[in-house]
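The values are calculated or read from the model by the stated rules, or taken from the named source; none is laboratory data. Because the structure is predicted, anything quoted here is derived from the model rather than measured. Heads up, the Cβs are rebuilt from the backbone with ideal geometry, glycines too, and the neighbour counts pull from every protein chain shown. When the accessible area is computed, the model is the full protein with side chains, heavy atoms only, and any ligands, DNA or RNA have been set aside. Shrake-Rupley method; radii C 1.70, N 1.55, O 1.52, S 1.80 Å.
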Amino acid sequence: MLALQGDFEAHRRMLQGLGAEASEVRAPHQLEGLDGLVIPGGESTTISKGMARDGLDEAIVGFHASGRPILGSCAGMIVCDREHLGLGDYLCRRNAFGRQLASFEQDLQVEGLGPDPLRAVFIRAPWVERHGPGVEVLAEVERHPVAVRDGNLLAVAFHSELTDDSRLHALFMALASTPASSASRPGVRGEGADGLATLGEES
Ligand code: GLN
């Protein structure tokens, strides 16, 4: 888990509960040997600044390019978008649910997690405002994507690490044990000349 700021402890409990070894990443060399990375919720500006200060931004881009999976949750979803690390072909709207709905819980049908809904905790959550055609929308709230997959990146607007349902983390761990070649999504990025052409669609 990226451990610059935010609720990485809750992710540790989830991952360990599933039998994974979880370690804290605060410096680029700590990414070595990891099978996957969780970028937790917290405050996206603080996490972004911390990554830039410690050289973790470039290191995480390289980690992602090597085909290893990343799970970004809430602020972690934001920092993976096109305006930040650029790991996923989508743009987030921060604090998208507004003041009235700053925090809420909802049972969500999430593609890939089976028929039972996932209890999702939204805390000043973003949603995906726009995304390219290669981004798979796994769940929506009010027709706004709140869980997406782009190749080996899994990004969710909510916190499921605060519940006792570990299916999302299990899905992430399954990606970590899938060979990079089948986890990545060939042929979508790089098709547009300016690299942003795939963002034309309003979601
Ligand atoms: N609102 C926060 C942000 O924009 C994210 C909140 C969260 O991670 N729970 O960074």
With a ≥ b ≥ c the root eigenvalues of the C-alpha gyration tensor of the chain, is it rounded (a/c under 1.5), prolate (a/b larger than b/c) or oblate?
rounded
Checking the a/c ratio against 1.5 first, then a/b against b/c, what shape does the Cα gyration tensor give for the range 40-86?
oblate
Of all the accessible heavy-atom surface of the chain, with the other protein chains kept in place and a 1.4 Å probe, what percent is carbon and sulfur?
48
Given the rule -39500 (n - 2.57) for each run of at least 4 DSSP H residues, summed and divided by the residues of the chain, what is its mean residue ellipticity at 222 nm, to the nearest 500 deg cm²/dmol?
-6500 deg cm²/dmol
With every protein chain present, what accessible area does residue 107 have (1.4 Å probe, heavy atoms only), rounded to the nearest 10 Å²?
90
For residue 93 and residue 34, calculate 0.36 nm times their separation in residues minus their Cα-Cα distance, and state this gained length in nm to one decimal.
18.2 nm
Taking the Cβ-Cβ separation of residue 54 and residue 177 as r and a Förster radius of 30 Å, what is the calculated FRET efficiency to the nearest 0.05?
0.60
Could you check the spin-label model distance between residue 167 and residue 66? Points 7 Å from the Cα along Cα→Cβ, value in nm.
3.2
Env charge @ residue 48, Cβ radius under 12 Å, K,R +1 / D,E -1, value -2
Formal net charge of residues neighbouring residue 4 (Cβ-Cβ distance under 14 Å; K, R +1; D, E -1)
-3
Are there trypsin sites (Lys or Arg not before Pro) in the range 123-163 that DSSP puts in a loop and that have at most 11 other Cβ atoms within 10 Å, and which ones?
143
